[in-house]
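As structure tokens, the structure follows; a few thoughts come after it.
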Amino acid sequence: MEVLIFTDIAEDIGYAKYAGAYRVASSLRELGASVKVIDCFVRFTEEEILNCIKKYVDKETVFVGVASTLLHKGMNNPLHGFRDEFYAEIKSAIHSRSKDCHLIIGGSRIGTTTNIPGIDFYFIGKADISIQEYYKYLKGKENKFIVSQIDNRNYVKTTDHNVSSDFFADTKNMYVQEDLIQQGECLPLEVARGCIFKCSFCQYDLIGKKKHEYIKNYDNLREELIQNYELFGTTHYLFSDDIINESIDKVRHLHHIFTNLPFKITWTSYARLDLIWKFPEMRELLQEAGATGLFFGIETMDANVGKLIGKGLGKDRIVNTLNYLNETWKDNIIMTGNFIIGLPQDTEKNIYNTFEWLSSNECPLDAFDLIPLNLRRLDDGRPMNDIAMHPEKYGYRTKEVINGKMLNWENNNLSFERAIEIHEDFKSSEQFYQKNLVGNSWLGRITNLGYKEEEVKK
């Protein structure tokens, strides 16, 4: 086995594979590499992880990779799943099997301040191209592998191995039988990448892209869906797109593909509510295309706060649009809403009023969450949101760094510590769990346990 990749699943109810590790595996398989992906990394004991090393690492193995994105359980637990020192033990076990084999880590939680014993290379950002160049480098082939040295550590950056829109359009995930996919399993799938908007709180990469960029071409997407159906019987997907309905043209494009397959698919995804308000015909198009759960990043009910962050729909239009959707989506499409605690000029009173409405029968959302605003430190190396880069502009004062990653902030209304307290207050209330029975992203995860979609929705 040339490459071994460890990854994990989200700690929510049910089970579903994580898209990032399989995108990396697919990039390597395109080069002919033999790749083994092992899910549920932090669910294993340390002894079991070392046994996996013994089972799969041999003299042919060039690197063992760890996908960090889901390697955490709550805010106060180890960020990378295990105690950092255990990674040095993994490295020792690897070298006992293959002395030149590397140990690398990547994913959304890796930045230029990450320091873990035993790690040879840290991959920052989406590694479609960088992982291919790295593999060619290890195999002694011609390559364009670029490494940045920071504090005597090796960092590999997406910005040095640019994934163009044309490159992404031709990609597809190559799931194989060795990935142990169950018959009919719900799978992750990336239809498009990035977002055309630039909300001030957002710290995803590739925001502010142009319309029609970074979207899979028609033939590749169709071929991927048909291949998964023929190999595994898959008809339900967890789309990992930042936003599925970024334009009416994209929605029509996907509607055409999905409704002309020789079988029916269903899917869940992230979406923007304000675009449905702007283009009401999206309601029918999304439902006909197979939407069965959508996650709306609404963030705030306050119109003035919304304008400051790039989401100024306001309470009346939010409520009216949700009610409009509920006319035809009720019992068919699960609607989840996300809100942020600590946005510019927002107050505790507004936040508690929002919570009361969200947990009431008047709110059409099936599930919701309210999360504290996170601001990264400036030397983190990952994409930064505008609030973190210009805190004074939005009325914030930043204090010490928490857990080596996040900035401890405060403004005239709230602090980061208070935002966490409010979040925990909501999560501990009976009101929260009277409403939050099944969120949209849980749907595919629960069907992977053997339940039917209709059963879960009921």
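Across the stretch 302-337, which residue is farthest from ASN260 (Cα to Cα) among those that are open to solvent by 20 Å² or more (accessible area, probe 1.4 Å) and not in a helix (DSSP H, G or I)? Among them, the one singled out is ASP302. If you go through the stretch 388-436 and keep only what is among the aromatic types (Phe, Trp, Tyr) and either in contact (Cβ under 8 Å) with a residue 12 or more places away in the chain or touching a His at 6+ places or on another chain (Cβ under 6 Å) (or both), you end up with TYR394, TYR396, TRP409, PHE416, PHE426, PHE432. Against the condition surrounded by 21 or more Cβ atoms within 10 Å (Cβ to Cβ) and farther than 30 Å from GLU299 by Cβ, how does TYR175 come out, does it pass? Against the criterion (surrounded by 21 or more Cβ atoms within 10 Å (Cβ to Cβ) and farther than 30 Å from GLU299 by Cβ), TYR175 qualifies. If I ask for residues that are of a type in the set (A, V, I, L, M, F, W, C), touching a strand residue (DSSP E or B) at 6+ places or on another chain (Cβ under 9 Å) and surrounded by fewer than 23 Cβ atoms within 10 Å (Cβ to Cβ), which ones from the stretch 120-149 would you list? Within the stretch 120-149, PHE121, LEU138, PHE145, ILE146, VAL147 qualify. When TYR218 is evaluated against the numbered criteria (1) open to solvent by 30 Å² or more (accessible area, probe 1.4 Å); (2) modelled with pLDDT of 95 or more; (3) of a type in the set (Ser, Thr, Tyr), which criterion, by number, is the only one it fails? Of the numbered conditions (1) open to solvent by 30 Å² or more (accessible area, probe 1.4 Å); (2) modelled with pLDDT of 95 or more; (3) of a type in the set (Ser, Thr, Tyr), the odd one out for TYR218 is (2).
When you check GLY14 against the structure, is it open to solvent by 50 Å² or more (accessible area, probe 1.4 Å), assigned to a loop (DSSP other than H, G, I, E, B) and of a type in the set (Gly, Ala, Ser), yes or no? Against the criterion (open to solvent by 50 Å² or more (accessible area, probe 1.4 Å), assigned to a loop (DSSP other than H, G, I, E, B) and of a type in the set (Gly, Ala, Ser)), GLY14 does not qualify. Looking only at the stretch 159-218, residues that are over 19 Å from PHE123 (Cβ atoms), part of a loop (DSSP other than H, G, I, E, B) and charged (D, E, K, R) come to 9 in all.
Say we look at the stretch 19-59 and pick out the residues that are basic (Lys, Arg) and open to solvent by 60 Å² or more (accessible area, probe 1.4 Å); which of these is nearest to TYR237 (Cα to Cα)?
Pass one, the stretch 19-59, residues basic (Lys, Arg): 23, 29, 36, 43, 54-55, 59.
This time we only want the ones that are open to solvent by 60 Å² or more (accessible area, probe 1.4 Å), so: 43, 54-55, 59.
Values: ARG43: 24, LYS54: 33, LYS55: 31, LYS59: 37 Å.
Among them, the one singled out is ARG43.
Within the stretch 338-387, being surrounded by fewer than 16 Cβ atoms within 10 Å (Cβ to Cβ), in a loop (DSSP other than H, G, I, E, B) and free of Cβ contacts under 8 Å to residues at least 60 places away in the same chain holds for SER360, ASN361, GLU362, LEU378. Filtering the stretch 178-208 to residues that are β-branched (Val, Ile, Thr) and open to solvent by 30 Å² or more (accessible area, probe 1.4 Å) leaves ILE196, ILE207. Only one of the numbered conditions (1) open to solvent by less than 20 Å² (accessible area, probe 1.4 Å); (2) touching a His at 6+ places or on another chain (Cβ under 8 Å); (3) of a type outside the set (Ser, Thr, Tyr) is violated by VAL163, and that is (2).
Residue-by-condition table, conditions (1) of a type in the set (A, V, I, L, M); (2) part of a loop (DSSP other than H, G, I, E, B); (3) surrounded by fewer than 17 Cβ atoms within 10 Å (Cβ to Cβ):
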residue: LYS393; (1), (2), (3): no, no, yes
residue: ILE422; (1), (2), (3): yes, no, no
residue: LEU437; (1), (2), (3): yes, yes, yes
residue: LEU443; (1), (2), (3): yes, no, no
residue: LEU449; (1), (2), (3): yes, yes, yes
residue: VAL456; (1), (2), (3): yes, no, no
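Scanning the stretch 158-180 turns up no residue that is among the hydrophobic types (A, V, I, L, M, F, W, C), under 21 Å from the mean Cα position of the chain (by Cα) and on the phi > 0 side of the Ramachandran plot. Of all residues in the stretch 124-146, those that are closer than 21 Å to LEU206 by Cα and of a type in the set (S, T, N, Q) have Cβ atoms under 7 Å from Cβ atoms of residues that are at pLDDT 95 or above and in a loop (DSSP other than H, G, I, E, B), 6 or more apart or on another chain, in GLN132/LEU31. Within the stretch 77-96, restricting attention to residues that are open to solvent by less than 30 Å² (accessible area, probe 1.4 Å) and among the hydrophobic types (A, V, I, L, M, F, W, C), the residue that is nearest to ALA67 (Cα to Cα) is PHE82. Of the residues making up the stretch 385-436, those that are more than 21 Å from the chain's Cα centre (by Cα), over 17 Å from LEU308 (Cα atoms) and aliphatic (A, V, I, L, M) number 6.
Go through the stretch 236-257 and give me each residue that's over 21 Å from the mean Cα position of the chain (by Cα) and surrounded by 21 or more Cβ atoms within 10 Å (Cβ to Cβ). Quick ask: steps written out before the conclusion?
Kept after step one, since they are over 21 Å from the mean Cα position of the chain (by Cα), are these residues of the stretch 236-257: 248-249, 252-253, 255-257.
None; the set is empty.
For the stretch 405-439, the tally of residues that are closer than 23 Å to ARG109 by Cβ and in contact with a Leu (Cβ under 8 Å, 6 or more places away or on another chain) stands at 7. The lone criterion from (1) without any contact (Cβ under 8 Å) to a residue 40 or more places away in the chain; (2) among the charged types (D, E, K, R); (3) crowded, with 22+ Cβ neighbours inside 10 Å left unmet by LYS99 is number (3).
Here's the yes/no breakdown for (1) modelled with pLDDT of 95 or more; (2) assigned to a loop (DSSP other than H, G, I, E, B); (3) under 25 Å from LYS457 (Cβ atoms):
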| residue | (1), (2), (3) |
| --- | --- |
| ARG222 | yes, no, no |
| GLU230 | yes, no, no |
| THR234 | yes, yes, yes |
| TYR237 | yes, no, yes |
| ARG252 | yes, no, no |
| HIS256 | yes, no, no |
| ASN260 | yes, yes, no |
| LYS264 | yes, yes, yes |
| SER269 | yes, no, yes |
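The values are calculated or read from the model by the stated rules, or taken from the named source; none is laboratory data. As the structure is a prediction and not an experimental result, all values here were calculated from the model. Note that each Cβ is placed from the backbone with ideal geometry, even for glycine, and that neighbours are counted across all protein chains shown. Heads up: the accessible areas ignore ligands, DNA and RNA and are worked out on the full protein's heavy atoms, side chains in. Shrake-Rupley method; radii C 1.70, N 1.55, O 1.52, S 1.80 Å.
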